1. Within the range 266-307, how many residues turn out to be within 16 Å of the chain's Cα centre (by Cα) and either without any contact (Cβ under 8 Å) to a residue 12 or more places away in the chain or not assigned by TED's automatic domain parsing to the domain that holds Ser335 (or both)?
2. Quickly run through the range 1-30 and pick out the residues that are in contact (Cβ under 8 Å) with a residue 40 or more places away in the chain, within 11 Å of the ligand (Cβ to nearest atom) and in a loop (DSSP other than H, G, I, E, B).
3. Scan (1) charged (D, E, K, R); (2) surrounded by 17 or more Cβ atoms within 10 Å (Cβ to Cβ); (3) over 18 Å from Arg412 (Cβ atoms) for the single condition Arg303 breaks and write down its number.
4. Out of the range 377-399, which residues are part of a loop (DSSP other than H, G, I, E, B) and closer than 19 Å to Arg303 by Cβ?
5. For the range 36-48, give me each residue that is surrounded by 15 or more Cβ atoms within 10 Å (Cβ to Cβ), under 21 Å from Asn324 (Cα atoms) and either within 12 Å of the ligand (Cβ to nearest atom) or not hydroxyl-bearing (Ser, Thr, Tyr) (or both).
6. Only one residue in Lys404, Lys346 is within 29 Å of the chain's Cα centre (by Cα) and either without any contact (Cβ under 8 Å) to a residue 12 or more places away in the chain or within 20 Å of Lys312 (Cα to Cα) (or both). Which one?
7. So, in the range 209-257, exactly how many residues are touching a Phe, Trp or Tyr at 6+ places or on another chain (Cβ under 8 Å), within 18 Å of Gly429 (Cβ to Cβ) and charged (D, E, K, R)?
8. Tally time: how many residues in the range 85-103 are surrounded by fewer than 16 Cβ atoms within 10 Å (Cβ to Cβ) and either aromatic (Phe, Trp, Tyr) or at pLDDT 95 or above (or both)?
Amino acid sequence: MEICVLGTGYVGLVTGTCFSESGHFVHCVDIDTVKVKELNAGKLPFYEPGLDELVARNLNQKRLTFTTDSPSAIGQSKIIFIAVGTPQDSHGNADLKYVFQAAKTIGEYLTDATTIVIKSTVPVGTHQKVTDLIRKHSKHPFEVVSNPEFLKEGNAVEDFLKPERVVIGTQNAKTVELMKELYEPFVRSGNPIIVTDNTSAELAKYACNAFLATKISFINEMANLAEKVGANISDIRKAMTTDSRIGTKFLYPGTGYGGSCFPKDIQALMATAKHHDYPLKIVEAVETVNQEQKEILFQKAHRYFKGHLQGKCAAIWGLSFKPNTDDLRQAPSISVIRKLLDHGVKTTVYDPVAMLNASAIFEDRIQFGKTSYDCLKNADMLFVLTEWNEFRKPDFQKIKSLMKTPVILDGRNIFNPSQVVQFGFYYEGIGLK
Ligand SMILES: NC(=O)c1ccc[n+]([C@@H]2O[C@H](COP(=O)([O-])OP(=O)(O)OC[C@H]3O[C@@H](n4cnc5c(N)ncnc54)[C@H](O)[C@@H]3O)[C@@H](O)[C@H]2O)c1
């Protein structure tokens, strides 16, 4: 089958590549000419484990092409995916300008009966607006399917090739069959394809992200209370997660959720709910807790140095919002670094893959270490902000010898507190006794 994917970001590139891996011919289209040129040379625009190999193989087999020529790609394809960005606008709504532009382009260049699949995360009702827009520009028959994506950055290829579920929103039986055929290679182990209407599919994506964010804010709130009452969140966490009704995942205390999805999707969901005159009280609280949580680690440093931060040196381990990605969008590290700089703290950072992106944001206002130890020289405090595996078992003796003041503020609770203290550090995690 010939498939067109509009947008070669995390979702579009993984979607297009994985469909080509299952034997389809995929035209990946982007409006960013530099990106397309680099992709054709096999250079990926972001770090995602395992993706470079798949892109190279399918480029080589000529099942995967990258182009800016949307008319040709749209005209040749039986299925067209919209996988463009839906960032947050200044009012907290999802900004749909890229989706609508893509829909207009599709409408202009359709040549035959086609299935249009909305993969981008879009507010309820967007499928109707996309349908209207395409219809305005095209006389050809088409069907719009809502097929939200649930992949996680850092594990995107695995998630796409073995999805826990696929959600298909359409009421057209023929389209359901086509979509099932497309996803069949990925659900051979029996994971479900959930068929529903477009509106439910659209809202399902937001419901999932809002619930996951709720788990994070909930455990963070418990961690903060644990600190106040002298309890230990690690033990509380164990007591909670051994209850199968609660589950084990997404219950790690930390410095708040970030990334390109949760923050904007939570805002967009709240905006939708307000629009329907039904403000979401739980979701609003989740967002408030998260904003405060991003400040927590800085406040610990502020308290330790009794407000005298001017002229101090901070080392940061980890910039990306989670391990295995170089994505810095809404990462807690950005909030922490901004606070440190505002208070006159010289800041040196290290991250295995995200330093290039950080230099685009902070330019020469921060320093970059070549290794994790490199940025510790003369540091007064070490902030651990991303739980990269390489930070988990460091040489504490060496850390101590490099730092000027042995203070570790562990935003991911990756160290054993008593061990760190034995090495002579002042140590604070999140919600620990
Ligand atoms: N990143 C994730 O982990 C993730 C997971 C699930 C769902 N989503 C959702 O998927 C969507 C895409 O997210 P992303 O992270 O891949 O975005 P992204 O910002 O990384 O990439 C979007 C790409 O679309 C391109 N684009 C914009 N308009 C275009 C057009 N008219 N034609 C062709 N290309 C166009 C941009 O140049 C860019 O390369 C969003 O709605 C997001 O919420 C993202």
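1. Residues in the range 266-307 being within 16 Å of the chain's Cα centre (by Cα) and either without any contact (Cβ under 8 Å) to a residue 12 or more places away in the chain or not assigned by TED's automatic domain parsing to the domain that holds Ser335 (or both): 0 in total.
2. Gly7, Thr8, Gly9
3. The single condition Arg303 does not satisfy is (2).
4. Here is the first cut: in the range 377-399, the residues part of a loop (DSSP other than H, G, I, E, B) are 377-380, 385-388, 392-395.
Matches in the range 377-399: Ala379, Asp380, Leu385.
5. Across the range 36-48, the qualifying residues are Leu39, Leu44, Pro45, Phe46, Glu48.
6. Values: Lys404 fails: within 29 Å of the chain's Cα centre (by Cα).
The unique qualifying residue is Lys346.
7. Adding up the residues that qualify gives 1.
8. Final tally of qualifying residues: 3.
The values are calculated or read from the model by the stated rules, or taken from the named source; none is laboratory data. Just so it is clear, the structure is predicted and the values come from calculations on it, not from any experiment. No Cβ is skipped: glycine too gets one built from the backbone with ideal geometry, and neighbour counts run over all protein chains shown.
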